[in-house]
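Presented below is the structure to which this report refers.
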Amino acid sequence: QVQLVESGGGLVQPGGSLRLSCAASTNIFSIAAMGWYRQTPGKQRELVARIGSGGSTEYADSVKDRFTISRDNVRNTMYLQMNMLKPEDTAVYFCNLYMALRNYWGRGTQVTVSS
């Protein structure tokens, strides 16, 4: 059973930074594709960034040059460094692991960008 636990969310002022972490309790972490998604009330969950098992990355246009996704295959942990945060980045952020045609999700962590 794959378990994903996000941490690092919180309240930050516009222009500030946060780093999200996703700890995975699985030995398939190093060969799985991972990603961060976010969701606001009434809207569909959307891709923020993803990283392949080999380290290739992809970002939503809205976060390019501000967010950086990374992974540590020794610690089975994925990160999202978020800089220059904007109020429109406010959302619940979810960790995703994709492997063998299955998606696994964490419970999410709230990020609120407000003055």
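So is D72 modelled with pLDDT under 95 and out of contact with any Leu (no Cβ under 9 Å at 6 or more places or on another chain) or not?
Numbers: modelled with pLDDT under 95: yes; out of contact with any Leu (no Cβ under 9 Å at 6 or more places or on another chain): yes.
So D72 passes the test.
If you go through the range 14-48, how many residues are under 17 Å from I69 (Cβ atoms), small (G, A, S) and either out of contact with any Phe, Trp or Tyr (no Cβ under 8 Å at 6 or more places or on another chain) or assigned to a strand (DSSP E or B) (or both)?
Looking only at that region, the number is 7.
Looking only at the range 102-115, count every residue that is over 18 Å from A32 (Cβ atoms) and part of a strand (DSSP E or B) and tell me the total.
Residues flagged as over 18 Å from A32 (Cβ atoms) and part of a strand (DSSP E or B) within the range 102-115 amount to 5.
Cβ contacts < 7 Å: first residue more than 20 Å from G106 (Cα to Cα), restricted to the range 55-79; second residue exposed (fewer than 15 other Cβ atoms within 10 Å of the Cβ) and of a type in the set (S, T, N, Q), any location; separation 6+ or different chain. Result?
Hits for this filter: R66/N83.
I need the full set of residues from the range 26-36 which are of a type outside the set (A, V, I, L, M, F, W, C) and either out of contact with any Leu (no Cβ under 8 Å at 6 or more places or on another chain) or crowded, with 17+ Cβ neighbours inside 10 Å (or both), in order please.
Here is the first cut: in the range 26-36, the residues of a type outside the set (A, V, I, L, M, F, W, C) are 26-27, 30, 35.
Residues satisfying the conditions are N27, S30, G35.
Could you list, in sequence order, the residues of the range 1-31 that are in contact with a Gly (Cβ under 9 Å, 6 or more places away or on another chain), closer than 14 Å to I51 by Cα and modelled with pLDDT under 95?
none
Exactly one of these conditions fails for K43: (1) within 12 Å of L4 (Cβ to Cβ); (2) at pLDDT 95 or above. Give me its number.
(1)
Hey, could you check the range 93-113 for residues that are over 19 Å from R71 (Cα atoms) and touching a Ser or Thr at 6+ places or on another chain (Cβ under 7 Å) and say which is surrounded by the fewest Cβ atoms within 10 Å (Cβ to Cβ)?
Looking at residues that are over 19 Å from R71 (Cα atoms) and touching a Ser or Thr at 6+ places or on another chain (Cβ under 7 Å), I get T112.
Within the range 37-66, track down each residue that is in contact with a helix residue (DSSP H, G or I) (Cβ under 9 Å, 6 or more places away or on another chain) and surrounded by 15 or more Cβ atoms within 10 Å (Cβ to Cβ).
Across the range 37-66, the qualifying residues are R38, V48, A49, S53, V63, R66.
The values are calculated or read from the model by the stated rules, or taken from the named source; none is laboratory data. Computed from a prediction, not measured in an experiment: that's the story for all the values here. Cβ atoms come from the backbone with ideal geometry, glycine included; neighbour counts cover every protein chain shown.
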